[in-house]
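A.B. asks: Handing you a structure now.
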Amino acid sequence: MRLPIRMYGDPVLRAKGRRIEKIDEQIRALAADMLDTMHAANGVGLAAQQIGEALQVTVVDVGQVEDRPSSLSIDGRETEVKEAMPLVLINPEITLGREIVSGVEGCLSFPEISAEIDRSEEAVVRAQTLEGSTVEFKATGLLARALQHEIDHLNGILFIDRMNSALKVSLSSKLKRLQKETQKGHAHVVAGGPDQRAL
């Protein structure tokens, strides 16, 4: 089921997600709805906060992105990225590599806003799966960027918090307008809108 995506200005986006103690049918249904919502909006990642739930759950799918490569290794074995997608991660923990790279990011909660953001080129993530098992994997490229972006969301951190101050100033009028629209209750994402491959 497709759910409305919460926009910048909605307080839930600043909420730190609660740890999930029990992976039950409700959590599985939530993850399925999140995947539907993310794919319908042409996103590559979606955190629970973005659909109004302050929980430690995120979904990521970079399988269709051809122009921004990723790599993935699970338990030390290189894995085909497309075959591993989509990822549903519960209670994820992230360790960042030292090398920093700049890359363009958008966000489904910030329509029509994108910016160059510095992130680690490599990330190691440990999380639970929907089956309750623990998975640990290493990602680089777009997948590493998407994971950092989504795990930030789970902790109430938004990609504008990672922007340099000059960039933030240049976007301030757009951000204020979006915040006002959200507070009036008018901001929304139209599923199947422009393909920005937002996170």
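The values are calculated or read from the model by the stated rules, or taken from the named source; none is laboratory data. Being a predicted model, the structure only gives us computed values, none of them experimental. Every residue, glycine as well, gets a Cβ built from its backbone with ideal geometry; the counts of neighbours run over all protein chains shown.
A.B. asks: Condition check: outside any loop (DSSP other than H, G, I, E, B) and loosely packed, with under 14 Cβ neighbours inside 10 Å. Does S102 satisfy that?
C.D. replies: The answer is yes for S102.
A.B. asks: So how many residues does region 168-199 have that are modelled with pLDDT of 60 or more, surrounded by 14 or more Cβ atoms within 10 Å (Cβ to Cβ) and aliphatic (A, V, I, L, M)?
C.D. replies: 4
A.B. asks: Suppose we filter S71, S102 for residues that are under 22 Å from G141 (Cα atoms) and in contact with a Ser or Thr (Cβ under 6 Å, 6 or more places away or on another chain); which single one remains?
C.D. replies: S71
A.B. asks: Cβ-Cβ distance below 7 Å, separation of 6 or more or different chains: which pairs start in region 128-149 with a residue that is over 18 Å from D75 (Cα atoms) and end on one that is buried (at least 24 other Cβ atoms within 10 Å of the Cβ) and of a type in the set (G, A, S)?
C.D. replies: Qualifying pairs under 7 Å: A146/G45; H149/G45.
A.B. asks: If I ask for residues that are outside any strand (DSSP E or B), buried (at least 21 other Cβ atoms within 10 Å of the Cβ) and in contact with a strand residue (DSSP E or B) (Cβ under 8 Å, 6 or more places away or on another chain), which ones from region 50-66 would you list?
C.D. replies: Within region 50-66, Q56, D61, V62 meet the criteria.
A.B. asks: Same structure again: Would a scan of region 67-84 turn up a residue that is under 25 Å from S165 (Cα atoms), at pLDDT 95 or above and assigned to a strand (DSSP E or B)?
C.D. replies: Taking every residue of region 67-84 in turn, none turns out to be under 25 Å from S165 (Cα atoms), at pLDDT 95 or above and assigned to a strand (DSSP E or B).
A.B. asks: Name, by its number, the condition in (1) surrounded by fewer than 18 Cβ atoms within 10 Å (Cβ to Cβ); (2) over 20 Å from I20 (Cα atoms) that does not hold for R119.
C.D. replies: (1)
A.B. asks: Looking for whichever is part of a strand (DSSP E or B), crowded, with 22+ Cβ neighbours inside 10 Å and in contact (Cβ under 8 Å) with a residue 40 or more places away in the chain here; the options are L46, L13. Which one fits?
C.D. replies: L46
A.B. asks: Another question, then. Looking only at residues that are free of Cβ contacts under 8 Å to residues at least 60 places away in the same chain and out of contact with any strand residue (DSSP E or B) (no Cβ under 8 Å at 6 or more places or on another chain) in region 67-79, which one is nearest to L13 (Cα to Cα)?
C.D. replies: Checking each candidate, the answer is D67.
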